[in-house]
Structure formats: C-alpha cells, structure tokens
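J.: Below you'll find the structure I mean.
Read the figures in this text as sums done on the coordinates, not as results from a lab. Quantities reported herein were computed from a predicted structural model and do not represent experimental measurements. Ideal geometry is used to build each Cβ from the backbone, glycine not excepted, and the neighbour counts take in all protein chains shown.
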Ligand code: GDP
C-alpha cells in the first residue's frame, strides 16, 4: 500500500467537498506540533507530502491524500491552538463532527499523542467525539526517540489507562519515531490490514 505513490487530492472545508466514499479511508488526528505531518511523510516515504496540508490556509481543512489509488489517508486539522479565534474553532469542530459521523468508509482514526506529554484534555475531547461517532480509534505515540527507554513502558501504561474509559479505543498502542523509523513499519502494516 505504501510502496506506491501517495498524492495530495484536496483540502475540504465543507461536507459538500468530500470525495466519494468509494475506498477505504483512515484519518489522523492530533494536537498541533504532535508530529502528524512528519509521520505522514515517514509513512509514505515522501518527504514533502504533508507540507501541502501545513501551509497557511490549509490548516483548518480536512486534507485528503490518495494512497496507491485504493485508500484515502485523511489529515485532520491539528487541534489545541489556544489562540485560535472561537468562530474558527467552532467552524472546524462542526465540520469535523459531520465528517466523523457521516463517513461510512472511514475504517479507523489514529489519534497521535506526544510520547513525552501523554493524553491531554484536548485529546480526550477528540476521543469522546470519535466514540460518539462510533469510529474506532487507535493511539499512536509520537517522538519515541525523545523518551528514554525506561520511560517508554510508563508512557504506554499511562496511555492505556487513559483509554480505559473509551470503548471505541482499539487496545494496541503504537509507539513511533519519525526520526529513527521505529514503529513506522508496524503502523503501515496496521493500515494496510484494514478492510
Ligand atoms: P504537526 O503540527 O503535528 O504536523 O507536527 P510536525 O510534523 O510539523 O512536527 C512538529 C515538530 O516535531 C517538528 O519540529 C518536527 O521536526 C518534530 N518531530 C516530528 N516527529 C518527530 C519525531 O519522531 N522525533 C523527533 N525528535 N522530532 C519529531
């Protein structure tokens, strides 16, 4: 799946702009700066790919990429910008909610969590939203290279505990580093295995 080319398809600002739900779809969510763009680049092996969704004006859009012409990879806007104006936040929350609730080809959401910082309240908001939309989500701990080996188990344990109250959470947590490549193959295999 990741051997082929990945292409930026479009940025969506309204439900009417969604591409047809004709292929398997996965989405990635996470706080701003969690390492989402870097992870997309690492997964696809295309360094400049996610820059498309990080350019100003694109950051509040739902960005669609095509994976090997058989899947959609969806980059959700980064959340947790405390200084974003309220109307902007409300607009994208409404879009996000409609998208998550209505997308029948969406197989799984990946919620990215900085391995150093753990699950924050804004992450929990997304998890609740995913739960109410009945979308299974899986946590991906990012920047594992920044965590000492002895702290990795602790980071996993804390995340596992935080997930206990979410029935929509997939139990396996993936620890990744876009820097060293740790966990990237595992995550690719998980995505490729979704049907
Ligand atoms: P986004 O806002 O979630 O898209 O975050 P970015 O992908 O732009 O990453 C934010 C910062 O974290 C950048 O300076 C990246 O170089 C850095 N970063 C991302 N992933 C990793 C990682 O796995 N390890 C380390 N050490 N730094 C990372």
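J.: Beta carbons within 10 angstrom, averaged per residue: use that to sort the peptides 16-28, 61-73, 172-184, highest first.
T.: So the order, starting with the most tightly packed, is 61-73, 172-184, 16-28.
J.: Over the Cα atoms of region 51-195, what radius of gyration and what Dmax do you get, in Å?
T.: 15.4, 43
J.: How far apart, in nm, are the 7 Å Cα→Cβ label points at residue 185 and residue 5?
T.: Placing both labels 7 Å beyond Cα along the Cβ direction yields 2.7 nm.
J.: Round to a whole angstrom and tell me the spacing of the C-alpha centers of region 17-37 and region 139-175.
T.: Computed from Cα coordinates, the inter-centre distance equals 20 Å.
J.: Under 16 Å from a point placed 7 Å out from the Cα of residue 192 along the Cα-to-Cβ direction: which residues of region 3-33 have their backbone N that close?
T.: 3-6
J.: Measure off 7 Å from each Cα along the Cα-to-Cβ vector at residue 16 and residue 33, then give the distance between these two points in nanometres to one decimal.
T.: Modelled inter-label distance: 3.7 nm.
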